[in-house]
Amino acid sequence: MSNYDLVIKNANVLTSSDNYTADIGIKDGKIVEIASSIDGDNVYDAGGKYVIPGGIDVHTHMDMPFGGTFSSDDFETGTKAAAIGGTTAIIDYAVQPQGKSLNETIEIWSQKAEGKAVIDYGFHLGVTKLNDQTREELPVLLKNGFPTFKVFMVYDGMRLTDKELLEILQIAKDHDGLVCVHAENYDSINYNINKLLNDGKTEPLYHAISRPQKCEAEATNRAVKLAEMLDAPIYIVHVSNQEAADVIAKSRKNGFKTMGETCPQYLLLSIENYKEENFNGAKYVMSPPLRDGFNNELLWQSLRLGKLQTVATDHCPFFMEQKRMGIDNFTKIPNGAPGVEPRMALIYNYGVNEGKISLGKFVELTSTNPAKIFGMYPKKGTIAVNSDADLVVFDPNKEVTLSVDNLHENVDYTPYEGYKVKGYPVATFSRGELIAENGEYVGKDSRGQLLKREKPEVL
Ligand code: URP
Ligand code: ZN
Ligand code: ZN
């Protein structure tokens, strides 16, 4: 009788800091031994391929109400797609509905996820109302496994004022939490929208024109300065351009606890995508919008130099039929796009293969830093004894042409249609169970567990 439930043999173990060959012994969902040779009854031969810590996508929106509809992946379809793509944990945004408390919000999102998610999941609370009840709830939630939350500076019914953002930053600082901020300037967007619509400019491209780079950079600067005033940690989500990234870099250089995330769409796509004909530009309507192409390279540079800390996806898919709600008016197009499944392959191919980031950086940006910043390390985000056996066998030679036909997200397009990648996940293990293999979900249903997270780390 073996000491292990599973042994992964001949692994080229790749972490954010190491790269070596070993066997990995797994028992009760945890890594219990890493050694040059381990024997067991149940063996998976990695055949010298990379074995990396499971991807962690800290920015998803499954089954999320937005603009009069719901994002089209629920926790089952979205996490199955994530697993196939080499992601073993997500943190989804549980956005407080109007009139609901934060505890009720957790309840609503738990009901969405329980019995559906197949990988482990946590929730950031999207705080949309600051009142006496929320003020009481926040410190308790921060201590009880929900140490991070999001403030929107835009979107009617969701946004908070600067005063409220300041107060939340203080609460987070006092209780070891972290505030994630969607930074765009609300008033300037409305001003631009009115002008554009009055001029009859209704097509998807004008979504981007209405929310220019400076609109994001200004709000990023404001949020960062508010955090600096309090010396509170802050994490800016979905940074789309270099001007906003530079605000974060400067704040970090000055010793503040400022961090930032970007996403594959801002590294690979551009404002040109909105010009696709027949309303196809709507595929890319997201906030912040795609930018001038020169930003792509500059954002890669920011990642390489440690000026931005993570790559998440902001996965928030809508079918084209849903996008057509805005056929006559770009402001009615639901904001968001898919991406949870191809993230690992995209960052490997366009980052590592193209010489923009190192192998270690690839793991750091997609798994280790997310685990550290969001209070899951070293349970997740690394390959070490006592860590969860969330492992991905990644074949650096497997070539795939991404297409809606070979991805599993519940949506009828991918922004990455026709993108060729070399390097793809071929097996995904979650807590020691093989859950995805060669593009198929092979695990049990509804096996995902709610992640109660610890104190965020400031990187
Ligand atoms: O367009 C986006 N990003 N949709 C999802 C909601 C958000 O702002 O993150
Ligand atoms: Zn956002
Ligand atoms: Zn988002």
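All of the numbers you see were taken from the coordinates with simple rules; none came from a lab. Every value quoted in this text rests on a predicted model; they were computed, and no experiment measured them. Note that we place each Cβ from the backbone using ideal geometry, even for glycine, and neighbour counts take in every protein chain shown.
Structural remarks
- Within straight-line cross-link reach of Lys9, lysines at Cα separation under 28 Å, skipping those fewer than 8 residues along the same chain: Lys27, Lys30, Lys49, Lys80, Lys361, Lys372, Lys379, Lys380, Lys398, Lys422, Lys444
- Ordering of 59-71, 268-280 by burial proxy (mean other Cβ atoms within 10 Å per residue, highest first): 59-71, 268-280
- The magnitude of the dipole of the chain, with charges of +1 and -1 set on the Cβ of Lys/Arg and Asp/Glu and taken from the Cα centre, is near 1020 debye.
- Sequence-distant lysines (8 or more away, or on other chains) whose Cα lies within less than 29 Å of Lys100: Lys112, Lys116, Lys129, Lys143, Lys150, Lys163, Lys173, Lys323, Lys332, Lys452, Lys455
- Alpha-carbon centroids, the stretch 317-384 and the stretch 196-274: separation in whole Å: 16 Å
- Around the Cα centre of the stretch 320-459, unit charges on the Cβ atoms of Lys, Arg, Asp and Glu (plus for the first two, minus for the last two) sum to a dipole of about 580 debye.
- The stretch 55-373 - Rg and Dmax from Cα coordinates, angstrom: 18.3, 51
- Computed over the chain, the per-residue total of -39500 (n - 2.57) for DSSP H runs of n ≥ 4 gives a 222 nm mean residue ellipticity of -8000 deg cm²/dmol, rounded to 500.
- Positive dipole terminus of the stretch 98-193, leading residue within Ala113, Gly145, Leu102 (C-beta point charges): Ala113
- Mean Kyte hydropathy of 1.6 or more with a Cα span along the axis of at least 30 Å, helices from DSSP in the chain: none
- Computed over the stretch 55-373: relative contact order in percent, which uses C-alpha pairs under 8 Å that are six or more apart: 19 percent
- Interatomic Cα distance distribution for the stretch 253-325, bins of 5 angstrom, percent: 3, 14, 22, 21, 15, 11, 7, 4, 2, 0
- Relative contact order (%) - the stretch 95-180, alpha-carbon pairs under 8 angstrom, separation at least six: 28 percent
- Positive-end residue of Thr60, Val411, Gly78, charge dipole of the chain with Cβ unit charges: Thr60
- The stretch 15-129: relative contact order in percent, alpha carbon pairs under 8 Å with at least 6 residues between: 22 percent
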